[in-house]
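Written below as C-alpha coordinates is the structure these notes are about.
The values are calculated or read from the model by the stated rules, or taken from the named source; none is laboratory data. The structure presented is a predicted model; accordingly, all values stated were derived computationally and were not measured. Using ideal geometry, Cβ is built from the backbone for each residue, glycine included, and neighbour counts are taken over all protein chains shown. Accessible surface areas use protein heavy atoms only, side chains included; no ligands, DNA or RNA. Shrake-Rupley method; radii C 1.70, N 1.55, O 1.52, S 1.80 Å.
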Amino acid sequence: TAKADGRGVYRFFRDEMSLRSQTRRLLELELRRALISEELCLHYQPMFSMDNREIIGFEALLRWNHPTRGIVAPNEFIWLAEEVGLIVPMGQWVLEQACRDAASWPGHISIAVNVSPVQFRERTFADQVLAALAASGLEAHRLEIEITERVLIADTSMTLAILQRLHEIGVRIAMDDFGTGYSSLGYLRQFHFDRIKIDRSFVADLGEGDQESLAIVRAVASLSSNLNIATTAEGVESEQQFERLRAEGCDTVQGFLLGMPVPAEEVSRMFAEGGSAISAA
Ligand code: C2E
Ligand code: MG
Ligand code: MG
Ligand code: MG
(Lines give C-alpha, C1' and ligand atoms only; values in the text may rest on other atoms or scores of the structure.)
(Ligands and ions follow the chains in the order given, each with its own letter.)
Protein backbone atom coordinates (compact mmCIF):
# COMPACT_ATOMS: atom_id res chain seq x y z
CA THR A 1 0.00 0.00 0.00
CA ALA A 2 0.91 3.64 -0.29
CA LYS A 3 1.28 3.89 3.47
CA ALA A 4 3.72 1.03 3.70
CA ASP A 5 5.66 2.46 0.77
CA GLY A 6 5.84 5.79 2.51
CA ARG A 7 7.27 4.22 5.64
CA GLY A 8 9.74 2.26 3.54
CA VAL A 9 10.93 5.42 1.91
CA TYR A 10 11.15 7.13 5.27
CA ARG A 11 13.20 4.30 6.73
CA PHE A 12 15.45 4.35 3.69
CA PHE A 13 16.17 8.04 4.14
CA ARG A 14 16.66 7.70 7.87
CA ASP A 15 19.16 4.85 7.46
CA GLU A 16 20.85 6.69 4.66
CA MET A 17 21.17 9.81 6.77
CA SER A 18 22.54 8.07 9.82
CA LEU A 19 24.98 6.21 7.62
CA ARG A 20 26.09 9.47 6.15
CA SER A 21 26.50 11.16 9.50
CA GLN A 22 28.38 8.13 10.82
CA THR A 23 30.73 8.18 7.84
CA ARG A 24 31.20 11.87 8.36
CA ARG A 25 31.89 11.49 12.06
CA LEU A 26 34.44 8.76 11.38
CA LEU A 27 36.13 10.85 8.71
CA GLU A 28 36.32 13.78 11.09
CA LEU A 29 37.94 11.65 13.81
CA GLU A 30 40.39 10.21 11.31
CA LEU A 31 41.27 13.68 10.07
CA ARG A 32 41.99 14.91 13.58
CA ARG A 33 44.27 11.93 14.06
CA ALA A 34 45.92 12.52 10.68
CA LEU A 35 46.94 16.00 11.70
CA ILE A 36 48.58 14.97 14.96
CA SER A 37 50.10 11.70 13.80
CA GLU A 38 51.73 13.21 10.74
CA GLU A 39 49.76 11.38 8.08
CA LEU A 40 49.58 14.55 5.98
CA CYS A 41 52.20 15.30 3.40
CA LEU A 42 52.79 17.68 0.54
CA HIS A 43 53.44 16.89 -3.08
CA TYR A 44 54.91 19.56 -5.31
CA GLN A 45 53.87 20.19 -8.89
CA PRO A 46 56.27 22.24 -11.04
CA MET A 47 55.25 25.39 -12.90
CA PHE A 48 57.10 26.05 -16.14
CA SER A 49 57.89 29.15 -18.12
CA MET A 50 56.20 29.05 -21.53
CA ASP A 51 59.24 30.43 -23.31
CA ASN A 52 61.86 27.85 -22.42
CA ARG A 53 60.01 25.20 -20.41
CA GLU A 54 62.17 25.85 -17.38
CA ILE A 55 60.84 25.36 -13.87
CA ILE A 56 60.06 28.67 -12.16
CA GLY A 57 58.35 27.30 -9.09
CA PHE A 58 56.20 24.61 -7.50
CA GLU A 59 52.68 24.39 -6.11
CA ALA A 60 52.19 22.57 -2.81
CA LEU A 61 49.36 20.04 -2.99
CA LEU A 62 48.09 18.37 0.16
CA ARG A 63 47.93 14.58 0.41
CA TRP A 64 46.67 12.35 3.19
CA ASN A 65 48.65 9.18 3.62
CA HIS A 66 45.86 7.11 5.17
CA PRO A 67 46.99 3.95 7.01
CA THR A 68 44.56 1.67 5.14
CA ARG A 69 43.19 3.72 2.25
CA GLY A 70 46.57 4.84 0.92
CA ILE A 71 47.02 8.32 -0.56
CA VAL A 72 43.81 10.34 -0.32
CA ALA A 73 43.31 13.39 -2.57
CA PRO A 74 42.45 16.79 -1.05
CA ASN A 75 39.01 17.04 -2.66
CA GLU A 76 37.95 14.09 -0.51
CA PHE A 77 38.65 15.71 2.84
CA ILE A 78 39.21 19.46 2.59
CA TRP A 79 35.46 20.20 2.48
CA LEU A 80 35.03 18.48 5.85
CA ALA A 81 38.15 20.09 7.30
CA GLU A 82 36.59 23.43 6.31
CA GLU A 83 33.22 22.54 7.85
CA VAL A 84 34.67 21.56 11.21
CA GLY A 85 37.39 24.21 11.28
CA LEU A 86 40.27 21.72 11.09
CA ILE A 87 41.45 23.48 7.94
CA VAL A 88 42.91 26.22 10.10
CA PRO A 89 45.61 24.16 11.88
CA MET A 90 45.94 21.99 8.76
CA GLY A 91 46.48 25.01 6.53
CA GLN A 92 49.01 26.42 8.95
CA TRP A 93 50.92 23.15 8.82
CA VAL A 94 50.86 23.29 4.98
CA LEU A 95 52.18 26.84 5.01
CA GLU A 96 55.00 26.07 7.42
CA GLN A 97 56.02 22.84 5.70
CA ALA A 98 55.93 24.36 2.21
CA CYS A 99 58.04 27.36 3.28
CA ARG A 100 60.52 25.07 5.01
CA ASP A 101 60.90 22.83 1.94
CA ALA A 102 61.14 25.78 -0.47
CA ALA A 103 63.79 27.52 1.64
CA SER A 104 66.19 24.70 0.70
CA TRP A 105 65.59 25.15 -3.05
CA PRO A 106 67.49 27.57 -5.33
CA GLY A 107 66.64 31.23 -4.74
CA HIS A 108 64.85 31.81 -8.05
CA ILE A 109 62.35 29.02 -7.38
CA SER A 110 59.00 30.08 -5.92
CA ILE A 111 56.42 28.17 -3.92
CA ALA A 112 52.63 28.46 -4.29
CA VAL A 113 50.34 27.50 -1.39
CA ASN A 114 46.57 27.03 -1.64
CA VAL A 115 44.62 28.79 1.08
CA SER A 116 41.00 28.13 2.06
CA PRO A 117 38.43 30.92 2.59
CA VAL A 118 38.05 29.62 6.15
CA GLN A 119 41.70 30.45 6.86
CA PHE A 120 41.02 33.98 5.67
CA ARG A 121 38.31 34.40 8.27
CA GLU A 122 41.02 34.19 10.92
CA ARG A 123 42.05 37.68 11.81
CA THR A 124 45.58 36.41 12.40
CA PHE A 125 46.12 34.87 8.97
CA ALA A 126 48.70 37.42 7.83
CA ASP A 127 50.61 36.92 11.06
CA GLN A 128 50.64 33.16 10.44
CA VAL A 129 52.20 33.83 7.05
CA LEU A 130 54.81 36.12 8.58
CA ALA A 131 55.61 33.49 11.20
CA ALA A 132 56.03 30.76 8.56
CA LEU A 133 58.39 33.01 6.57
CA ALA A 134 60.41 33.91 9.65
CA ALA A 135 60.67 30.32 10.87
CA SER A 136 61.84 29.02 7.50
CA GLY A 137 63.95 31.97 6.41
CA LEU A 138 62.14 32.02 3.06
CA GLU A 139 62.07 35.44 1.41
CA ALA A 140 58.52 36.81 1.13
CA HIS A 141 58.65 37.34 -2.63
CA ARG A 142 59.23 33.61 -3.17
CA LEU A 143 55.88 32.76 -1.57
CA GLU A 144 52.68 32.92 -3.59
CA ILE A 145 49.29 32.47 -1.93
CA GLU A 146 46.60 30.95 -4.15
CA ILE A 147 43.04 31.86 -3.36
CA THR A 148 39.86 31.06 -5.23
CA GLU A 149 36.95 33.34 -5.89
CA ARG A 150 35.29 31.76 -2.86
CA VAL A 151 37.55 33.88 -0.66
CA LEU A 152 36.15 37.07 -2.15
CA ILE A 153 32.49 36.03 -2.22
CA ALA A 154 32.41 36.35 1.55
CA ASP A 155 33.86 39.78 0.78
CA THR A 156 34.18 41.54 4.06
CA SER A 157 36.65 44.35 4.26
CA MET A 158 38.71 42.07 6.49
CA THR A 159 39.53 39.76 3.57
CA LEU A 160 40.73 42.70 1.51
CA ALA A 161 42.70 44.08 4.42
CA ILE A 162 44.47 40.73 4.82
CA LEU A 163 45.26 40.56 1.09
CA GLN A 164 46.58 44.11 1.24
CA ARG A 165 48.75 43.30 4.24
CA LEU A 166 50.18 40.20 2.52
CA HIS A 167 50.94 42.35 -0.51
CA GLU A 168 52.78 44.85 1.68
CA ILE A 169 54.82 42.04 3.23
CA GLY A 170 55.88 41.19 -0.33
CA VAL A 171 53.99 37.90 -0.71
CA ARG A 172 52.40 37.40 -4.12
CA ILE A 173 48.72 36.60 -4.56
CA ALA A 174 47.27 34.39 -7.28
CA MET A 175 43.65 33.91 -8.27
CA ASP A 176 43.17 30.15 -8.73
CA ASP A 177 40.61 28.42 -10.97
CA PHE A 178 39.89 31.70 -12.74
CA GLY A 179 36.65 31.78 -14.68
CA THR A 180 34.71 29.27 -12.60
CA GLY A 181 33.25 31.72 -10.06
CA TYR A 182 30.23 33.97 -10.05
CA SER A 183 31.86 37.27 -10.84
CA SER A 184 35.37 36.58 -12.03
CA LEU A 185 35.90 39.98 -13.61
CA GLY A 186 34.44 41.88 -10.69
CA TYR A 187 37.01 40.41 -8.32
CA LEU A 188 39.83 41.81 -10.41
CA ARG A 189 38.62 45.29 -9.50
CA GLN A 190 38.72 44.61 -5.79
CA PHE A 191 42.35 43.63 -5.57
CA HIS A 192 45.41 43.66 -7.80
CA PHE A 193 46.38 40.02 -8.23
CA ASP A 194 49.91 39.08 -9.25
CA ARG A 195 48.74 36.04 -11.15
CA ILE A 196 45.64 34.53 -12.70
CA LYS A 197 45.47 30.76 -13.05
CA ILE A 198 43.18 29.84 -15.92
CA ASP A 199 41.02 26.94 -14.78
CA ARG A 200 41.83 23.63 -16.33
CA SER A 201 38.27 23.14 -17.63
CA PHE A 202 38.99 25.82 -20.26
CA VAL A 203 42.35 24.26 -21.05
CA ALA A 204 40.83 20.79 -21.43
CA ASP A 205 38.39 22.04 -24.08
CA LEU A 206 41.16 23.79 -26.00
CA GLY A 207 42.55 20.51 -27.22
CA GLU A 208 39.14 19.59 -28.58
CA GLY A 209 39.28 22.71 -30.74
CA ASP A 210 36.44 24.28 -28.74
CA GLN A 211 35.95 27.83 -30.09
CA GLU A 212 34.26 29.19 -26.98
CA SER A 213 37.10 28.08 -24.69
CA LEU A 214 39.64 29.48 -27.11
CA ALA A 215 37.85 32.84 -27.12
CA ILE A 216 37.73 32.86 -23.32
CA VAL A 217 41.41 31.96 -22.94
CA ARG A 218 42.28 34.66 -25.47
CA ALA A 219 40.22 37.25 -23.61
CA VAL A 220 41.73 36.33 -20.23
CA ALA A 221 45.27 36.43 -21.61
CA SER A 222 44.77 39.84 -23.17
CA LEU A 223 42.98 41.21 -20.10
CA SER A 224 45.79 39.98 -17.86
CA SER A 225 48.49 41.47 -19.99
CA ASN A 226 46.67 44.83 -20.03
CA LEU A 227 46.31 44.73 -16.26
CA ASN A 228 49.92 43.61 -15.88
CA ILE A 229 48.97 40.31 -14.27
CA ALA A 230 50.87 37.08 -15.01
CA THR A 231 48.90 34.10 -16.34
CA THR A 232 49.29 30.42 -15.67
CA ALA A 233 47.38 27.77 -17.57
CA GLU A 234 46.41 24.84 -15.34
CA GLY A 235 46.00 21.21 -16.34
CA VAL A 236 47.96 21.24 -19.59
CA GLU A 237 48.05 17.65 -20.80
CA SER A 238 48.91 17.85 -24.50
CA GLU A 239 51.36 19.57 -26.81
CA GLN A 240 48.38 20.84 -28.77
CA GLN A 241 47.01 22.66 -25.70
CA PHE A 242 50.51 23.92 -24.91
CA GLU A 243 50.96 25.43 -28.37
CA ARG A 244 47.54 27.11 -28.33
CA LEU A 245 48.22 28.63 -24.91
CA ARG A 246 51.59 29.86 -26.02
CA ALA A 247 50.07 31.45 -29.09
CA GLU A 248 47.57 33.25 -26.85
CA GLY A 249 50.38 34.65 -24.72
CA CYS A 250 50.10 32.71 -21.43
CA ASP A 251 53.26 33.15 -19.33
CA THR A 252 53.50 29.90 -17.45
CA VAL A 253 52.06 26.42 -17.56
CA GLN A 254 51.34 23.61 -15.21
CA GLY A 255 50.06 20.17 -16.03
CA PHE A 256 50.72 16.48 -16.45
CA LEU A 257 52.32 17.14 -19.88
CA LEU A 258 55.37 18.69 -18.24
CA GLY A 259 55.28 17.57 -14.61
CA MET A 260 53.25 15.60 -12.09
CA PRO A 261 53.05 16.48 -8.40
CA VAL A 262 55.96 14.70 -6.64
CA PRO A 263 57.16 14.30 -3.03
CA ALA A 264 59.61 16.87 -1.62
CA GLU A 265 62.50 14.38 -1.74
CA GLU A 266 62.16 14.14 -5.50
CA VAL A 267 62.34 17.92 -5.85
CA SER A 268 65.47 18.05 -3.67
CA ARG A 269 67.04 15.20 -5.60
CA MET A 270 66.40 17.00 -8.86
CA PHE A 271 68.08 20.18 -7.63
CA ALA A 272 70.95 18.19 -6.14
CA GLU A 273 71.55 16.60 -9.53
CA GLY A 274 71.60 20.10 -10.97
CA GLY A 275 68.85 19.26 -13.40
CA SER A 276 65.59 20.94 -14.14
CA ALA A 277 64.03 17.75 -15.38
CA ILE A 278 61.28 16.40 -13.22
CA SER A 279 59.84 13.14 -14.51
CA ALA A 280 56.84 13.96 -16.70
CA ALA A 281 53.72 11.80 -16.62
P1 C2E B 1 44.17 23.42 -7.54
O2 C2E B 1 44.82 24.34 -6.59
O3 C2E B 1 43.50 24.01 -8.72
O4 C2E B 1 45.30 22.37 -7.95
C5 C2E B 1 45.40 21.78 -9.21
C6 C2E B 1 44.85 20.37 -9.20
O7 C2E B 1 44.88 19.88 -10.54
C8 C2E B 1 45.68 19.38 -8.38
O9 C2E B 1 44.79 18.38 -7.89
C10 C2E B 1 46.60 18.78 -9.44
O11 C2E B 1 47.10 17.50 -9.09
C12 C2E B 1 45.66 18.70 -10.61
N13 C2E B 1 46.36 18.72 -11.88
C14 C2E B 1 47.53 19.33 -12.19
N15 C2E B 1 47.85 19.14 -13.49
C16 C2E B 1 46.85 18.43 -14.02
C17 C2E B 1 46.60 17.91 -15.34
O18 C2E B 1 47.37 18.09 -16.27
N19 C2E B 1 45.44 17.21 -15.51
C20 C2E B 1 44.57 16.99 -14.49
N21 C2E B 1 43.47 16.27 -14.76
N22 C2E B 1 44.77 17.45 -13.25
C23 C2E B 1 45.89 18.17 -13.01
P24 C2E B 1 44.79 17.95 -6.35
O25 C2E B 1 46.20 17.88 -5.84
O26 C2E B 1 43.92 16.75 -6.24
O27 C2E B 1 44.12 19.19 -5.64
C28 C2E B 1 42.78 19.53 -5.86
C29 C2E B 1 42.42 20.82 -5.18
O30 C2E B 1 42.51 20.69 -3.76
C31 C2E B 1 43.39 21.97 -5.52
O32 C2E B 1 43.05 22.52 -6.78
C33 C2E B 1 43.11 22.91 -4.36
O34 C2E B 1 41.95 23.66 -4.60
C35 C2E B 1 42.84 21.95 -3.23
N36 C2E B 1 44.06 21.84 -2.40
C37 C2E B 1 45.18 21.11 -2.60
N38 C2E B 1 46.09 21.29 -1.61
C39 C2E B 1 45.52 22.19 -0.75
C40 C2E B 1 45.94 22.81 0.48
O41 C2E B 1 47.06 22.61 0.98
N42 C2E B 1 45.06 23.67 1.08
C43 C2E B 1 43.84 23.96 0.54
N44 C2E B 1 43.03 24.80 1.21
N45 C2E B 1 43.40 23.41 -0.61
C46 C2E B 1 44.23 22.54 -1.25
MG1 MG C 1 46.03 25.90 -6.73
MG1 MG D 1 43.66 25.63 -9.74
MG1 MG E 1 41.55 23.84 -10.50
- Task: With respect to SER104, determine if the residue is open to solvent by 20 Å² or more (accessible area, probe 1.4 Å) and in contact (Cβ under 8 Å) with a residue 60 or more places away in the chain.
- Result: yes
Scanning the stretch 210-229 residue by residue, those over 16 Å from ARG200 (Cα atoms), within 16 Å of ligand 3 (Cβ to nearest atom) and not hydroxyl-bearing (Ser, Thr, Tyr) turn out to be ILE229
Condition set closer than 27 Å to HIS192 by Cα and in a loop (DSSP other than H, G, I, E, B), scope the stretch 230-243, selection farthest from ligand 3 (Cβ to nearest atom): answer is VAL236
Filtering the stretch 191-214 for residues that are farther than 15 Å from GLU237 by Cα, away from ligand 2 (no atom under 16 Å from the Cβ), open to solvent by less than 20 Å² (accessible area, probe 1.4 Å) and not polar (S, T, N, Q) leaves a count of 1
What about LEU188, is it more than 24 Å from GLU122 (Cβ to Cβ), open to solvent by less than 60 Å² (accessible area, probe 1.4 Å), away from ligand 3 (no atom under 16 Å from the Cβ) and assigned to a helix (DSSP H, G or I)?
yes
Checked the stretch 35-62 for anything of a type in the set (A, V, I, L, M) and modelled with pLDDT of 95 or more; matches are LEU40, LEU42, MET47, MET50, ILE55, ILE56, ALA60, LEU61, LEU62
Within the stretch 133-167, restricting to residues that are under 30 Å from SER104 (Cα atoms) and among the charged types (D, E, K, R), the one that is nearest to the chain's Cα centre (by Cα) is GLU146
Taking the stretch 132-151 and keeping residues in contact with a helix residue (DSSP H, G or I) (Cβ under 8 Å, 6 or more places away or on another chain), in a helix (DSSP H, G or I) and more than 16 Å from ligand 4 (Cβ to nearest atom) leaves ALA132, LEU133, ALA135, SER136, ALA140, ARG142
Selection from the stretch 219-264 of residues of a type in the set (Gly, Ala, Ser) and over 17 Å from the mean Cα position of the chain (by Cα) yields ALA219, ALA221, SER222, SER224, SER225, SER238, ALA247, GLY249
Requiring at least 1 residues that are of a type in the set (Phe, Trp, Tyr), the strands (runs of 3 or more DSSP E) wholly within the stretch 32-80 are 40-49, 55-66
